[in-house]
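Participant: Structure in structure tokens, see below.
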Amino acid sequence: MLAVSYDITMRKRAESREHRLTKLYQALSEINQAIVRMGQESELFPLVCRCAVDFGGMRLAFVALLDEDSGLMVPTASYGSRLDYLNGIVISSRADVAEGGGACGTALRENRTVIVSNYLQDPMTLPWREHGKDCGWNSIAAFPIPRNGKPYAVLNVYHEELNAFDREAVSLLEEMSKDISFALDNFDRETSRKAGVELLRLAASVYEASSEAMSVTDADGIILTVNPAFSKVTGYAPEEVIGRSSVILSSGHHDPAFYQAMWEEIYAEGYWQGEIWDKRKNGELYPAWLTINTIFNEDGSVYRRISLFSDVTELKKTEELIWHQANYDSLTGLPNRQMFHDRLEQEIKKSHRANLPMALLFLDLDHFKEVNDTLGHDSGDALLKEAAQRLTSCVRESDTVSRLGGDEFTIILGELDDASNIDRVTQDILKKIAAPFQLTNETAYVTVSIGITLYPEDATTVDALLKNADQAMYAAKNKGRNGYHYFTQSMQQAAQSKLLLLKDLRKALAKKQFRVYYQPIVDLHTNEIHKAEALIRWEHPERGLIGPVDFISLAEETGLIIDIGEWVFQQAIEQVGVWRKTHHAGFQISVNKSPVQFHSKTDKRPSWTMHLDTLALPGQSIVVEITEGLLLSTGSIVTNRLQEFHEAGIQVSLDDFGTGYSSLSYLNKFDIDYLKIDQSFVRNLAPGSSNMALCEAIIVMAHKLGMKVIAEGVETIQQRDLLVMAGCDYGQGFLYSQPVPAEKFEALLNQQKPTAQPLLA
């Protein structure tokens, strides 16, 4: 996840940087073009400020002129947000006063660019920091604008990002200030000329000094002149192109329709701008950002066409990289969720046109979490990369394999001539994924569950198809994993029923519809009941009594389990306080605690130990039941909370032992007081059976580690007797009682010693 987060951060930084540079290129281009057309000096500084903000991405730009009498820098043009910042501002050009030590005064005095990368921290901003601290600026830059070689003005730009001005950005802004300086010099030299002559001379200065390639052609496209940047970009010396047609630069990359559309716009508007592929002298093709402007004679005929262009090769490479990162999974190289949606939309259209079905497969790797938890995320990543290759090898080149995230993949099988190919592909996938994964020094085994839905038989939209395939995949999971399942309408009905149930579940706690039932945990050697497990039931007003198997998973998925689990705990500790007084001073109630409750970072309620202290109950009155999977989460939250229970005297019971990813290492690492043998082992207990051997092994191991053993699902006398012979400590099951409300449980306690027969039906 750290690698993914780093990739995302770097991509965002690259996007932000390229965005800033693109805007600055555009601002420079706009200023250059405007200078060529500009007739009044008074238009220059307002234009520069506006372009810096509108096209250059700045928050505020202003030009400060030197007042030689006072030595102060006076803002003469400004544009952007928080212009009130400039009201009454004092900026000096003198080095011996604090107001002269800022970026603006220093840039003018020393005739150099001054960059402040952190407005709120740099000492240069101290005289104005209090006034500007809430303006949202983080970086500023000042660029001197000399006039006739003497200090004259400073262009000041403010940006909202820290470190906004890197080398390339500074270079572009310096180029902008040079162009402004050239323009000012030309205004001074040409003040005696007419406006038209003055404009042409200014254009010539900019033309020669600009970093953008420029060429001037006549009405027939014959090149009349080029600037130095033209030769730098194209490789052609002026004498090699002057007098020749501009088609010398044509790359052949575009079709005739492209050029026809371009010239139609030029003829109609006198202007065109866009991306075009051109050819250098050495034959190399390159992308350029081209602007063509037309100068007309007084009679409306074409006098000249001026072309301005720049090589955007590096910008294109960066854009392509960003696009790839946005559309492809960085780990596997497969299309990601965004690209998958685009591909699925296209395949739907193709299938519709061809009148052929299409299949969408939703795949989820079985037991992948165990690989991550036991072998580490590096091994998990290696397995995912190998799994992606195996999946790709099972389909045609025209099909799409995508990774949605985690261990979830999708496959689009488009335009199916023979629907039987779906089963063939699916069987091939099951076989290849089930093969061992060699991960450095370890071998891992996973399988895959696959859900399949068809277009247009099952659905006709992207969202509906994806939902159907997801439901079918969960059906494959429920069938035992390592298989596939086709979507059926009954799944849709089940999903709708689930939504309705969830809607009611959200209101059940507030409407007091939950009940706590208790099932006795019997000492197999004394036949006494000093323990019970608290089990929740939902008394639905329409559906009747609903067991936890039908709603606990929903509560965990939505986070409702946090409030529900807390309510069960409160009921249990109030009840255990009663039974410790009326029945046995050491009575215990076991309370299940979901992994979601353990991992919750938003639950700010008092801890369970604090609740026990409030009721003056010792920690031993409660046993917390957890699942094996929780112990695989080696994070500090789980470890710290288990340690908190241990220090408070609250015992911990490991539920359903033997059914999960059992590991002796975590039994030794954590303080576990009870192991509960899962009822699947107890159900088929018989002398000499494998289940009997497993139960005996679990009991011996637990006792060696200092733990007590509780057998779940005890329903017959034979099961009880075999467990007693094996040394099991406690039994729980229908032989003794079903889970019952507190008042019926009282009857069990009043009998003192339950018989071998079920006490309550």
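The values are calculated or read from the model by the stated rules, or taken from the named source; none is laboratory data. If you're wondering where the values come from, they're calculated on a predicted model, not measured in any experiment. Positions of Cβ are generated from backbone atoms using ideal geometry, with glycine treated the same way; all protein chains shown enter the neighbour counts.
Participant: Say whether the condition of being at pLDDT below 95, buried (at least 17 other Cβ atoms within 10 Å of the Cβ), within 22 Å of ALA183 (Cβ to Cβ) and hydroxyl-bearing (Ser, Thr, Tyr) is met by at least one residue in region 107-115.
Facilitator: Looking through region 107-115, at least one residue is at pLDDT below 95, buried (at least 17 other Cβ atoms within 10 Å of the Cβ), within 22 Å of ALA183 (Cβ to Cβ) and hydroxyl-bearing (Ser, Thr, Tyr).
Participant: Any residue in region 222-240 that is under 16 Å from LEU308 (Cα atoms) sitting within a Cβ distance under 7 Å of a residue that is of a type in the set (Asp, Glu) and at pLDDT 90 or above? List the pairs, counting only those 6 or more apart or interchain.
Facilitator: Note: pairs meeting the criteria are LEU224/ASP218.
Participant: Would you mention how many residues in region 345-371 are surrounded by 19 or more Cβ atoms within 10 Å (Cβ to Cβ) and under 21 Å from LEU430 (Cα atoms)?
Facilitator: Matching residues across region 345-371 total 11.
Participant: Could you please find all residues in region 288-318 being free of Cβ contacts under 8 Å to residues at least 60 places away in the same chain, more than 34 Å from the chain's Cα centre (by Cα) and loosely packed, with under 13 Cβ neighbours inside 10 Å?
Facilitator: PHE296, ASN297, GLU298, ASP299, GLY300
Participant: Still on this structure, I have one more. State whether one or more residues within region 95-102 are in contact with a Gly (Cβ under 6 Å, 6 or more places away or on another chain) and on the phi < 0 side of the Ramachandran plot.
Facilitator: Looking for residues that are in contact with a Gly (Cβ under 6 Å, 6 or more places away or on another chain) and on the phi < 0 side of the Ramachandran plot, one finds none in region 95-102, hence no.
Participant: Look at ARG59 and say whether it is surrounded by 16 or more Cβ atoms within 10 Å (Cβ to Cβ), within 31 Å of the chain's Cα centre (by Cα) and modelled with pLDDT under 75.
Facilitator: Criteria not met by ARG59.
Participant: Follow-up question, since we're still on this one. Any residue in region 411-433 that's in the same structural domain as THR453 (by TED's automatic domain parsing): show its pairings with residues that are of a type in the set (Lys, Arg) and in a helix (DSSP H, G or I) at Cβ separation under 8 Å, as long as the two are six or more apart or on different chains.
Facilitator: ILE412/ARG343; GLY414/LYS350; GLU415/LYS350; ILE429/ARG390; LYS432/ARG390; ILE433/ARG390
Participant: Which ones in region 76-96 are in contact with a helix residue (DSSP H, G or I) (Cβ under 9 Å, 6 or more places away or on another chain) and under 19 Å from SER42 (Cβ atoms)?
Facilitator: The answer is THR76, ALA77, SER78, TYR79.
Participant: Regarding region 212-222, can at least one residue be identified that is modelled with pLDDT under 70 and of a type in the set (D, E, K, R)?
Facilitator: no
Participant: Tell me the residue from LYS503, LYS511 that is under 38 Å from the mean Cα position of the chain (by Cα) and part of a helix (DSSP H, G or I), please.
Facilitator: None of the other options fit; the residue is LYS503.
Participant: On to the next question. I'm trying to understand the selection: among the residues of region 319-340, which are closer than 29 Å to THR22 by Cβ, surrounded by 17 or more Cβ atoms within 10 Å (Cβ to Cβ) and of a type outside the set (A, V, I, L, M, F, W, C)?
Facilitator: Result: GLN325, TYR328, ASP329, PRO335, ASN336.
Participant: Right, another one. Counting only residues that are modelled with pLDDT of 90 or more, in contact with a Lys or Arg (Cβ under 8 Å, 6 or more places away or on another chain) and more than 28 Å from VAL709 (Cβ to Cβ), how many does region 554-605 have?
Facilitator: Count: 1.
Participant: Still on this structure: Kindly indicate whether any position in region 390-412 is part of a helix (DSSP H, G or I) and closer than 16 Å to ASN482 by Cβ.
Facilitator: Yes, region 390-412 has at least one match.
Participant: Can you find a residue in region 574-587 that is surrounded by fewer than 18 Cβ atoms within 10 Å (Cβ to Cβ) and either farther than 22 Å from LEU617 by Cβ or acidic (Asp, Glu) (or both)?
Facilitator: Scanning region 574-587, I find at least one residue that is surrounded by fewer than 18 Cβ atoms within 10 Å (Cβ to Cβ) and either farther than 22 Å from LEU617 by Cβ or acidic (Asp, Glu) (or both), so the answer is yes.
Participant: For region 411-470, which residues satisfy the criterion of being in contact with a Phe, Trp or Tyr (Cβ under 8 Å, 6 or more places away or on another chain) and aromatic (Phe, Trp, Tyr)?
Facilitator: PHE437, TYR445
Participant: Still on this structure: If you take the residues of region 715-732 that are in contact (Cβ under 8 Å) with a residue 40 or more places away in the chain and in contact with a Leu (Cβ under 9 Å, 6 or more places away or on another chain), which of them is nearest to ASP678 (Cα to Cα)?
Facilitator: Filtering region 715-732 for residues that are in contact (Cβ under 8 Å) with a residue 40 or more places away in the chain and in contact with a Leu (Cβ under 9 Å, 6 or more places away or on another chain), the one nearest to ASP678 (Cα to Cα) comes out as GLY731.
Participant: For region 459-480, which positions are in a loop (DSSP other than H, G, I, E, B), surrounded by fewer than 16 Cβ atoms within 10 Å (Cβ to Cβ) and either in contact with a strand residue (DSSP E or B) (Cβ under 8 Å, 6 or more places away or on another chain) or modelled with pLDDT under 90 (or both)?
Facilitator: LYS479, GLY480 - these are the residues of region 459-480 that are in a loop (DSSP other than H, G, I, E, B), surrounded by fewer than 16 Cβ atoms within 10 Å (Cβ to Cβ) and either in contact with a strand residue (DSSP E or B) (Cβ under 8 Å, 6 or more places away or on another chain) or modelled with pLDDT under 90 (or both).
Participant: Moving on. In the list ASP54, ASP67, which residue meets the criterion of being modelled with pLDDT of 90 or more, farther than 30 Å from TYR328 by Cβ, charged (D, E, K, R) and surrounded by fewer than 18 Cβ atoms within 10 Å (Cβ to Cβ)?
Facilitator: Checking each option against the conditions leaves just ASP67.
Participant: Looking at region 436-444, is at least one residue assigned to a loop (DSSP other than H, G, I, E, B), of a type in the set (A, V, I, L, M, F, W, C), in the same structural domain as LEU365 (by TED's automatic domain parsing) and in contact (Cβ under 8 Å) with a residue 60 or more places away in the chain?
Facilitator: no
Participant: Pick from region 267-287 the residues that are of a type in the set (A, V, I, L, M, F, W, C) and within 16 Å of SER215 (Cα to Cα): which of them is farthest from the chain's Cα centre (by Cα)?
Facilitator: Top of the filtered list is TRP272.
Participant: Continuing with the same structure: So, THR332, is that one within 20 Å of the chain's Cα centre (by Cα), part of a loop (DSSP other than H, G, I, E, B) and of a type in the set (Ser, Thr, Tyr) or not?
Facilitator: For THR332, the condition - within 20 Å of the chain's Cα centre (by Cα), part of a loop (DSSP other than H, G, I, E, B) and of a type in the set (Ser, Thr, Tyr) - is met.
Participant: Still on this structure: Give me a count of the residues in region 659-688 that are at pLDDT below 75, buried (at least 17 other Cβ atoms within 10 Å of the Cβ) and in contact with a helix residue (DSSP H, G or I) (Cβ under 7 Å, 6 or more places away or on another chain).
Facilitator: 1
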